[in-house]
Amino acid sequence: MTATMQPESEAAEAPRRGGRTPVAGQKTRPRGRGLEFGHWWWALPGIALVFAIHYVATGIGGFFAFTNWTGIGAFKITGWANFEAIFKDPTKLGALSNTLFLAFGSVLLGNIAGLLIALGLNRVLKTRYILRTLFFMPVVLSPLATAYIWKYIFDFDGPLNAFLTAIGAGDQTKPWLADPQWAIWTVLVVLVWSSTGFAMVIFMAGLAGVPAEVEEAAAIDGANLWQRFRNVTLPAIRPAVAIATTLGIVQGLRVFDPIMALTAGGPAGATETLATQVYKQAFALGNFGGGAALALVLAAIILIFAVIQQRLTRSNPED
Amino acid sequence: MFRYTKLTLLREVGLWALALLFLAPFYFLVTTALKPDNELFTTSALAPPKSPDFSNFIDVLTATGNSNVVTGLINSVIITAGSILGLIALGSVTGYVISRSTRRWSKGAYYLFLVAIILPGQLGAVPLYMGARALGLTGSAWGLIVLYTGMLLPLSIFLYANFFRGLGTEYEEAATIDGASKSQIFSKVVFPMMAPATGTVTIFAGLIVWNDFFTSLIFLGGSDNQTLPVAMYYYIGSLVSQWNSIFAIVIVSMVPILALFLFAQKRFIQGFSGGLKG
């Protein structure tokens, strides 16, 4: 990484370039002469495949959002009826608020935990790489396997209640996953557990781009720990924050596998999210039109938050 | 100034305590899987087994039909490897062309891929399934490879394109002057330079495809030819609160990916953090 005394601009740039010389390819390239390298038609197979699998399929699905199609047989075009039904249905509105709660809750807690661990591991620790590996382990597990493990931990006969009994808090034991008030918090714990390691490595990479000299200089000038973090470290890792939170929100809004394996949306819809509702409507309840309409709403929400998130955390608007 | 002090030691010990707490689920996973049936409800959930028993694992490895884990393992390896190859081949070429082109359409194509990353898959799932069935792609490893390649291609192209944006064109210019053709430049000069991006794509796509459950559940449609997560799902579907048996198959299903991660953890973590900087 290039050592620099201007953390606001240059150091923020350094981790983005991954340590390569920041010669922007776009600037050295002769403009206006069309393609210099490779043939344009090399891109055709990729564009065609993405177009077919993402846009054509989604477009057809989007069309059915305005119909009463059941998934097979004939259908009628019903206009906005499916969307009106969504905003009148308390289950769907509950799913919407659960989705937002889980997405923002897991991003917030996962990133704070990831950042604190990354800061803790940042310098001079002897075993930092072993610790990093350990904290990262949950990230490589399948959401399904993760959910089964936690399902047992929260089981009535499981370790959490056994632990509470052992420390003399036996009156606090409950069937966590079957408790309408607590079920959503158990889902949140699982999401945070499996995403913390991911946020941690992004922050560690960002922190590695902050030169030790700058921090030292700030410390010599009398900045305390918080001031050093706020004014030196944080500006330098802004790109890392932007990436980690944007990805976390997009992932969090479409969360599906862990919920299906943990609670299947229960008890009584307490952990229902938009993604589980889309699946149930379209695939289990034979209401493909309604499911498609809900998926369209979900897509719009994801798009809106992804754009807002990018705008808020972007450090360099020209990029 | 950043020397190893007593405070650092305290920080190190504290983080180890936190790490052990963080990984406690793995403790329950292993101890429970080793418990024989009669200990499952008689011993505390916190205690290790009195007489460890491997019969749960033998049951898992010898299961037949749609929960055959050996078939599942082979299918998962074939499908994951095939998808990775497809994503590297198509992703590298497409990412290269759209990031090096100065024409207007290349910017449009870039956004086409960017938006495709965000679209939720469920909306297209039913039309996709009907299309795949019409083309005879359901129920086979080939179909899933094509499908996963298409589904993850936007991400792969995005990672490659971002990589090229930070890379100068000097090598390609030099090769052009030396008289290399466009395809020679790509295969001999550009592709080897992309190794870090290829590593990131391999790890990301490999992890997503290997762990994916929903797509293979739908597109392999109930046959005995399943991927590992689906085999696990069917196996567990027949068990109620038999946590020792459930955890035996959970362990069997996670051992390959966990072993690969611990073996190549540096590359894994570099791939993750390196690919996401742009």
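The values are calculated or read from the model by the stated rules, or taken from the named source; none is laboratory data. Quick caveat, the model's predicted, so the values are computed rather than measured. Methodologically, a virtual Cβ is constructed for each residue, glycine included, from the backbone with ideal geometry; neighbour enumeration extends over all protein chains shown.
Taken residue by residue, segment B:63-70 has at least one member that is of a type in the set (A, V, I, L, M) and modelled with pLDDT under 85. Within segment B:10-32, restricting attention to residues that are within 18 Å of residue A:118 (Cα to Cα) and more than 9 Å from chain A (Cβ to nearest Cβ), the residue that is modelled with the lowest pLDDT is B:10. Being in contact (Cβ under 8 Å) with a residue 24 or more places away in the chain and either away from chain B (no Cβ under 12 Å) or within 23 Å of the chain's Cα centre (by Cα) (or both) is a condition met by no residue of segment A:216-228. Within segment B:54-112, being within 14 Å of another protein chain (Cβ to nearest Cβ), closer than 20 Å to residue B:198 by Cα, β-branched (Val, Ile, Thr) and out of contact with any Ser or Thr (no Cβ under 8 Å at 6 or more places or on another chain) holds for B:80, B:93, B:94. The lone criterion from (1) part of a helix (DSSP H, G or I); (2) more than 10 Å from every other protein chain (Cβ to nearest Cβ) left unmet by residue B:272 is number (2). Within segment B:190-211, can one find any residue that is within 10 Å of chain A (Cβ to nearest Cβ) and free of Cβ contacts under 8 Å to residues at least 24 places away in the same chain? For segment B:190-211, residues within 10 Å of chain A (Cβ to nearest Cβ) and free of Cβ contacts under 8 Å to residues at least 24 places away in the same chain: absent.
Figure legend. Inter-residue proximity from segment B:267-278: first residues on the phi < 0 side of the Ramachandran plot, second residues modelled with pLDDT under 70 and part of a helix (DSSP H, G or I), beta-carbon distance below 7 Å, spacing 6+ or different chains. Indicated pairs: B:277/A:15; B:277/A:16; B:278/A:16. I'd like to check something: does segment B:56-73 contain any residue that is part of a loop (DSSP other than H, G, I, E, B), among the hydroxyl-bearing types (Ser, Thr, Tyr) and under 26 Å from the mean Cα position of the chain (by Cα)? Yes, because at least one residue in segment B:56-73 is part of a loop (DSSP other than H, G, I, E, B), among the hydroxyl-bearing types (Ser, Thr, Tyr) and under 26 Å from the mean Cα position of the chain (by Cα).
Residues that are under 30 Å from residue A:176 (Cα atoms) and polar (S, T, N, Q) within segment A:224-245 comprise just one, A:245.
When A:169, A:183, A:147 are checked against the criterion of being more than 13 Å from residue B:15 (Cβ to Cβ), surrounded by 15 or more Cβ atoms within 10 Å (Cβ to Cβ), more than 12 Å from chain B (Cβ to nearest Cβ) and out of contact with any strand residue (DSSP E or B) (no Cβ under 6 Å at 6 or more places or on another chain), a single residue qualifies: A:183. When segment B:113-131 is filtered for residues that are of a type outside the set (Gly, Ala, Ser), closer than 17 Å to residue A:247 by Cα and either surrounded by 20 or more Cβ atoms within 10 Å (Cβ to Cβ) or more than 7 Å from chain A (Cβ to nearest Cβ) (or both), the ones remaining, listed by number, are B:113, B:114, B:115, B:117, B:119, B:120.
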